[in-house]
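Everything on this sheet refers to the single structure shown next.
Just so it is clear, none of the values below were taken in a lab; they were calculated from the coordinates. None of these values were measured; they are calculated from a predicted model. All Cβ positions, even for glycine, are placed from backbone atoms using ideal geometry, and neighbour counts span all protein chains on display.
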Amino acid sequence: MTKDEWKNDSEYVALVSDLLKSEIVQKLENYTQHHNSTRLDHSLAVSYDSYRIAKAHHLDYRAVARAGLLHDLFYYDWRTTKFDLGSHAFIHPRVALRNAEKITNLSAKERDIILKHMWGLTTARPKYRESMIVSLVDDYEAVSEFFRPLKNKIQAVIKAL
């Protein structure tokens with residue numbers, strides 16, 4: 001997905017516009033996620049790409065779009081903040097869920113998507129296919145965001161040849 005591609009999809013925008021208007025969600029713009037993106041950009045990428053996959057497979061794309069946007073709704077630097085109760089992979093889905101519940105009513109599926117999006121690093125196995133989609137897309141986006149500068153350098157070298 002290109003950075004603002006989601007803005008051209010009116011159905012997607014209608015599904016998440018109330019969340020995007022929230023100061024709580026907009027605050028994610030102030031946090032770096034995977035070194036080369038903001039937490040808001042990352043959340044939008046996870047949300048929109050998951051939405052497109054779920055829609056193509058006739059799944060609950062509304063739940064995927066909304067919970068995908070809210071899956072990392074926390075406000076600390078995960079690289080430096082440590083918790084006595086467990087790892088960031090274990091803690092932040094619970095923090096995100098608590099924050100999401102402050103701004104919208106969540107379905108059981110949306111709760112599962114947010115809580116289980118770190119499956120693989122945690123043993124919290126997704127209950128729904130929609131939860132699995134967001135978890136896998138989150139992993140894909142994290143790797144993509146981390147390596148984007150290297151990809152850009154390689155493309156620049158190839159172009160210069």
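The table for this structure:
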quantity: Residues ARG125, ARG66 arranged by fewest to most Cβ contacts within 10 Å; calculated: ARG125, ARG66
quantity: Qualifying aspartates and glutamates (Cα of each under 12 Å from Cα of LYS27; at least 8 residues distant if same chain); calculated: ASP41, ASP72
quantity: Per-residue HN-Hα couplings for region 94-109 [Karplus 6.51, -1.76, 1.60; θ = phi - 60°; Hz; x = Gly/Pro]; calculated: 6, 5, 4, 4, 4, 5, 5, 5, 6, 10, 7, 7, 10, 6, 4, 5
quantity: Sequence-distant residues sharing a close amide H with THR38 (under 5 Å, placed H); calculated: GLN33
quantity: Ranking of GLU5, GLU130, GLU23 by count of other Cβ atoms within 10 Å, fewest first; calculated: GLU23, GLU5, GLU130
quantity: ³J(HN,Hα) computed for each position of region 43-55 - Karplus, 6.51 cos²θ - 1.76 cosθ + 1.60, integer Hz, glycine/proline x; calculated: 5, 5, 5, 4, 4, 5, 5, 5, 4, 5, 5, 4, 5
quantity: Fewest-first ranking of ILE91, ILE114, ILE158, using other Cβ atoms within 10 Å as the exposure measure; calculated: ILE158, ILE91, ILE114
